[in-house]
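Participant: For reference, the structure I am asking about is given below.
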């Protein structure tokens, strides 16, 4: 499917020849399915269908208590201080953004009266501004009205470096203006095709100005509301103990009719993933648990009890292997794996291709991850419209052997291939995590049969993923030949995600290994594609450019994708949750209910 | 006595200082970063993390950070947690009740089992009762709490479905129901810790009583025609328990320090689980505070044990 075809179909939708649903299905048929297809239609001024949630209860309250177990417990309740997802989840119980992302990548309004679009004129044609209309008659939990001033304040609060907000990246380069009490206009410095970032989703939760105003900037840590939130959501704050428990009660003045269903909500923390799964699926002590980093086999065994189930939610996360084309064993100007060096053997495309052929993705999926992942040949796996149709994966030791033979890598007396004195011996590192070690072993075995000797190295996760400049074992230093980890894609737009493939983001000593491009590989074509996509207001063109970037890196076998990961949650059988792979687990807590 | 106390306190000060230096250095040498999760999040630019590190002073040299911590600590400022941005003392005070309740109850349970069993076993050495008590004591302290904890959960929560295995600090029920819920959720952790502790106490009590029961004054007491009960309770146990009392005093710091493994298994929001989560998230101020408070408690209770020992047994002089 190319750009012209998509444009043609969009025209059909406009003329009414093709329904929105038909459009989504047509795209899906091409393996380019819907998730952010709203974006394509939206760009062309086609109205969005209201995304529906099958909320059944006919009155608010009466659902009794809802008990949630987040084994990684929230430690603070200010969404703009959130260090990790756990804190955002905790904050989301009380605060709301203007809009959130549903599982198909559609925007769902919370504090917005409607979703801005080209059709309603709220998204400017030049991509330089977006206007949000706010929902009228929304009250904060303390009874004060919610207005545009709160949005303006939130943006200013987060953008102030002295506040030390973790969401500063979202707000520092935008200008937010108040048009009237219920309308705000966001202006961007340059054309921004992906405008739905500020005030949307996890980073978009809005703080009440009247509560936080005295605590903007350096005094931010002293705000009592950091631990006693005053929000607009369906549940009002009762009690919070960092790292332990969080309680809320039904907000009788909630701005969505008949919601929420539950009278109280309780979020308990602590312990580990397996016992959390047990408390939900096996004993039913809790109704919902998140982030089930548990082997699928164990989950399946627990599910036999019939009290609860695991819910796989597809996400943009990818478990992948990275091949180093720089030399990790030679130090140049105080750093190894410097772009000034060349890897003795991995610079040979034939070797990289052979390694790709030696990864038995099907077995990894079947025997290790189960429902937790899906074998893939692409770096970008969601939303489906950004998934490249051009990449294929295959597991074939014979082919790998043949490629290496043809490229002149000959087996020595020790069975290891070599050429001109360079042996195919690699160090393959990853973090300590049972599935990853199994995965490493599978790769090592296959490589052995192709005459490649792989030494396995595993590093504690707290070291591997740290930004410790002094430590040589971090993933961003990449001081070895091959490494494997999962990278997360949190927004249904791959722009930020693709920063991992551009030359100016290469991690090196100069930027203290903070650069996003860990592989250190770069290509002018990918750089150009990214720059164009950043400013391209045509979603179809943008998609094509991102797919091209994916194809360059995967086609060159620099990034060797293994599995597209799914997010696993556990839920009791008599609970209806609203999962979304593009937002927080609790993004639509207001519409959870018991049937 | 007075000069003895003063001298001991003066010795305690440099040792506490030494402990704090060691703790701080170890933590500074340990790898990791409190803002680690932000490093893998593509939505957060690296500058944000660097700015936070700078703001919280993590990038300063170790000795500077140590002196900053020390001077603040002297003034009663324990610092604030990097993870929750809450003052550390608030965090610790929030966690203390659960720990004192659970660990305290388990100590009481341990004594309630160990004293009668140990004494009875010692008065009838190598009887069937003694053999059985010994066997169980050996099994008891050979099984680690993480094993018995999981075993209890498997049996009582999953197979029998009698008891909850997630401890909640905020039971909403009122009146008797509240007490009932509180007891129900505490049974398993208290049992796990209590039985483990009871096993080792039993061995101590038994050997202490055995040591005393053979002494001449006991024979004298019997020769005077005193009843067996009076001999054991008034003459034997009174003397035998002196070492046990000090042993219990030495165990007291754990009542405040929590039990890391058990608290984690049962999700008890106590000091132990605070410490483990702080360690996992590299939250240095919290780790420092908890371990340092624990060190202070150990030093203090050692002193108390020594004083108590001298008071109970006047033959020991304070020098």
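Participant: Would you point out which residue out of A:354, A:350 is over 28 Å from residue A:493 (Cα atoms), assigned to a helix (DSSP H, G or I), over 18 Å from the mean Cα position of the chain (by Cα) and without any contact (Cβ under 8 Å) to a residue 60 or more places away in the chain? Quick ask: steps written out before the conclusion?
Facilitator: Details: A:354 fails: without any contact (Cβ under 8 Å) to a residue 60 or more places away in the chain.
Residue meeting the stated conditions: A:350.
Participant: For residues in region B:167-183 being within 14 Å of chain A (Cβ to nearest Cβ) and part of a loop (DSSP other than H, G, I, E, B), which is surrounded by the most Cβ atoms within 10 Å (Cβ to Cβ)? Steps first, answer last, please.
Facilitator: Of all residues in region B:167-183, those within 14 Å of chain A (Cβ to nearest Cβ) come to B:167-173, B:181.
Still in the running and part of a loop (DSSP other than H, G, I, E, B): B:167-173.
Values: B:167: 25, B:168: 20, B:169: 20, B:170: 14, B:171: 15, B:172: 13, B:173: 11.
Filtering region B:167-183 for residues that are within 14 Å of chain A (Cβ to nearest Cβ) and part of a loop (DSSP other than H, G, I, E, B), the one surrounded by the most Cβ atoms within 10 Å (Cβ to Cβ) comes out as B:167.
Participant: Of these, A:196, A:159, which one is on the phi < 0 side of the Ramachandran plot, modelled with pLDDT of 90 or more and within 14 Å of chain B (Cβ to nearest Cβ)? First the steps, then the outcome.
Facilitator: On the way: A:196 fails: modelled with pLDDT of 90 or more.
When all the criteria are applied, what remains is A:159.
Participant: Then there's this: Residue by residue through region A:505-519, note down the ones that are more than 15 Å from residue A:560 (Cβ to Cβ) and touching a strand residue (DSSP E or B) at 6+ places or on another chain (Cβ under 8 Å). Break it down stepwise before answering.
Facilitator: At the first step, the residues of region A:505-519 found to be more than 15 Å from residue A:560 (Cβ to Cβ) are A:505-517.
Within region A:505-519, A:505, A:506, A:507, A:508, A:509, A:515, A:517 qualify.
Participant: Go through (1) surrounded by fewer than 22 Cβ atoms within 10 Å (Cβ to Cβ); (2) within 11 Å of chain B (Cβ to nearest Cβ); (3) assigned to a loop (DSSP other than H, G, I, E, B) one by one and return the number of the condition residue A:257 breaks.
Facilitator: (2)
Participant: If we keep just the residues of region B:264-276 that are in contact (Cβ under 8 Å) with a residue 60 or more places away in the chain and either at the interface with chain A (Cβ under 9 Å from one of its Cβ atoms) or not in a helix (DSSP H, G or I) (or both), which is surrounded by the fewest Cβ atoms within 10 Å (Cβ to Cβ)?
Facilitator: The first filter runs over region B:264-276 and keeps only residues in contact (Cβ under 8 Å) with a residue 60 or more places away in the chain, leaving B:265-274.
Still in the running and either at the interface with chain A (Cβ under 9 Å from one of its Cβ atoms) or not in a helix (DSSP H, G or I) (or both): B:265-270, B:273-274.
Details: B:265: 26, B:266: 28, B:267: 28, B:268: 29, B:269: 28, B:270: 31, B:273: 30, B:274: 31.
Per the criteria, the residue is B:265.
Participant: Please find, among B:22, B:86, B:48, B:62, the residue that is modelled with pLDDT of 80 or more and touching a helix residue (DSSP H, G or I) at 6+ places or on another chain (Cβ under 7 Å). Walk me through how you get there before you give the answer.
Facilitator: Working: B:22 fails: touching a helix residue (DSSP H, G or I) at 6+ places or on another chain (Cβ under 7 Å); B:86 fails: touching a helix residue (DSSP H, G or I) at 6+ places or on another chain (Cβ under 7 Å); B:48 fails: modelled with pLDDT of 80 or more.
Going through B:22, B:86, B:48, B:62 in turn, the sole match is B:62.
For (1) in contact (Cβ under 8 Å) with a residue 12 or more places away in the chain; (2) in contact with a strand residue (DSSP E or B) (Cβ under 9 Å, 6 or more places away or on another chain); (3) part of a loop (DSSP other than H, G, I, E, B), each residue gets a yes or a no:
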{"position": "A:191", "(1), (2), (3)": "yes, no, yes"}
{"position": "A:197", "(1), (2), (3)": "yes, yes, yes"}
{"position": "A:202", "(1), (2), (3)": "yes, yes, no"}
{"position": "A:212", "(1), (2), (3)": "yes, no, no"}
{"position": "A:220", "(1), (2), (3)": "yes, no, no"}
{"position": "A:248", "(1), (2), (3)": "yes, yes, no"}
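Participant: Looking only at region A:497-515, which residues are modelled with pLDDT of 85 or more, surrounded by fewer than 22 Cβ atoms within 10 Å (Cβ to Cβ) and within 7 Å of another protein chain (Cβ to nearest Cβ)?
Facilitator: Within region A:497-515, A:499 is the sole residue that qualifies.
Participant: Those residues that are closer than 20 Å to residue A:70 by Cα, out of contact with any helix residue (DSSP H, G or I) (no Cβ under 8 Å at 6 or more places or on another chain) and at pLDDT 90 or above, I need them from region A:81-122; list them, please.
Facilitator: Hits for region A:81-122 are A:89, A:90, A:91, A:94, A:95, A:96.
Participant: So is residue B:192 farther than 25 Å from residue B:273 by Cβ, more than 14 Å from chain A (Cβ to nearest Cβ) and in contact (Cβ under 8 Å) with a residue 12 or more places away in the chain or not? Full working, then the answer.
Facilitator: On the way: farther than 25 Å from residue B:273 by Cβ: no; more than 14 Å from chain A (Cβ to nearest Cβ): yes; in contact (Cβ under 8 Å) with a residue 12 or more places away in the chain: yes.
The answer is no for residue B:192.
Participant: Right, residue B:203: in contact (Cβ under 8 Å) with a residue 40 or more places away in the chain and more than 30 Å from residue A:242 (Cβ to Cβ) or not?
Facilitator: So residue B:203 passes the test.
Participant: Follow-up. What number of residues within region A:401-427 satisfy the criterion of being surrounded by fewer than 21 Cβ atoms within 10 Å (Cβ to Cβ), part of a strand (DSSP E or B) and touching a strand residue (DSSP E or B) at 6+ places or on another chain (Cβ under 9 Å)?
Facilitator: The number of residues fulfilling the criteria is 7.
Participant: Sticking with this structure for a sec: Look at residue B:94 and say whether it is facing chain A (nearest Cβ under 7 Å) and farther than 30 Å from residue A:512 by Cα.
Facilitator: Details: facing chain A (nearest Cβ under 7 Å): yes; farther than 30 Å from residue A:512 by Cα: yes.
Answer is yes for this residue.
Participant: Got at least one residue in region B:286-293 being over 17 Å from the mean Cα position of the chain (by Cα), at pLDDT 85 or above, within 14 Å of another protein chain (Cβ to nearest Cβ) and under 30 Å from residue B:72 (Cβ atoms)?
Facilitator: yes
Participant: Step by step: first the residues of region B:50-73, then only those that are at the interface with chain A (Cβ under 7 Å from one of its Cβ atoms) and under 36 Å from the mean Cα position of the chain (by Cα), then the one that is surrounded by the most Cβ atoms within 10 Å (Cβ to Cβ). Which residue is that?
Facilitator: Per the stated criteria, the residue is B:52.
Participant: Can you tell me which residue in region A:260-286 is surrounded by the fewest Cβ atoms within 10 Å (Cβ to Cβ), limited to those that are assigned to a strand (DSSP E or B) and at pLDDT 90 or above? Explain how you work it out, then say what you get.
Facilitator: Initially, region A:260-286 is screened for residues assigned to a strand (DSSP E or B), giving A:264-269.
Now restrict to residues that are at pLDDT 90 or above: A:264-268.
Details: A:264: 18, A:265: 27, A:266: 22, A:267: 27, A:268: 27.
If we take residues in region A:260-286 being assigned to a strand (DSSP E or B) and at pLDDT 90 or above, then A:264 is surrounded by the fewest Cβ atoms within 10 Å (Cβ to Cβ).
Participant: Can you tell me which residues in region A:455-481 are facing chain B (nearest Cβ under 9 Å), over 23 Å from the mean Cα position of the chain (by Cα) and closer than 18 Å to residue A:327 by Cβ?
Facilitator: Of everything in region A:455-481, just one residue is facing chain B (nearest Cβ under 9 Å), over 23 Å from the mean Cα position of the chain (by Cα) and closer than 18 Å to residue A:327 by Cβ, namely A:473.
Participant: Still on this structure, please answer the following. Kindly indicate whether any position in region A:267-275 is more than 12 Å from chain B (Cβ to nearest Cβ) and farther than 22 Å from residue A:576 by Cβ. Don't jump to the end; show me each part of the working.
Facilitator: Going through region A:267-275, the residues more than 12 Å from chain B (Cβ to nearest Cβ) turn out to be A:273.
Remaining after also requiring farther than 22 Å from residue A:576 by Cβ: A:273.
Scanning region A:267-275 turns up at least one residue that is more than 12 Å from chain B (Cβ to nearest Cβ) and farther than 22 Å from residue A:576 by Cβ.
Participant: What is the number of the single condition among (1) touching a strand residue (DSSP E or B) at 6+ places or on another chain (Cβ under 7 Å); (2) over 27 Å from residue A:589 (Cα atoms); (3) within 14 Å of another protein chain (Cβ to nearest Cβ) that residue A:175 does not meet?
Facilitator: Only one criterion in (1) touching a strand residue (DSSP E or B) at 6+ places or on another chain (Cβ under 7 Å); (2) over 27 Å from residue A:589 (Cα atoms); (3) within 14 Å of another protein chain (Cβ to nearest Cβ) is unmet by residue A:175, namely (3).
Participant: Would you mind finding the one in A:484, A:489 that is surrounded by fewer than 24 Cβ atoms within 10 Å (Cβ to Cβ) and either modelled with pLDDT of 95 or more or touching a strand residue (DSSP E or B) at 6+ places or on another chain (Cβ under 8 Å) (or both)?
Facilitator: Numbers: A:489 fails: surrounded by fewer than 24 Cβ atoms within 10 Å (Cβ to Cβ).
Every option except A:484 fails the conditions.
Participant: Determine, yes or no, whether residue B:33 is within 11 Å of chain A (Cβ to nearest Cβ) and under 33 Å from the mean Cα position of the chain (by Cα). Steps first, please.
Facilitator: Numbers: within 11 Å of chain A (Cβ to nearest Cβ): yes; under 33 Å from the mean Cα position of the chain (by Cα): yes.
Answer is yes for this residue.
The values are calculated or read from the model by the stated rules, or taken from the named source; none is laboratory data. Since the model is a prediction, treat every value here as computed from it, not as a measurement. Backbone-built Cβ (ideal geometry, glycine too); neighbour counts: all protein chains shown.
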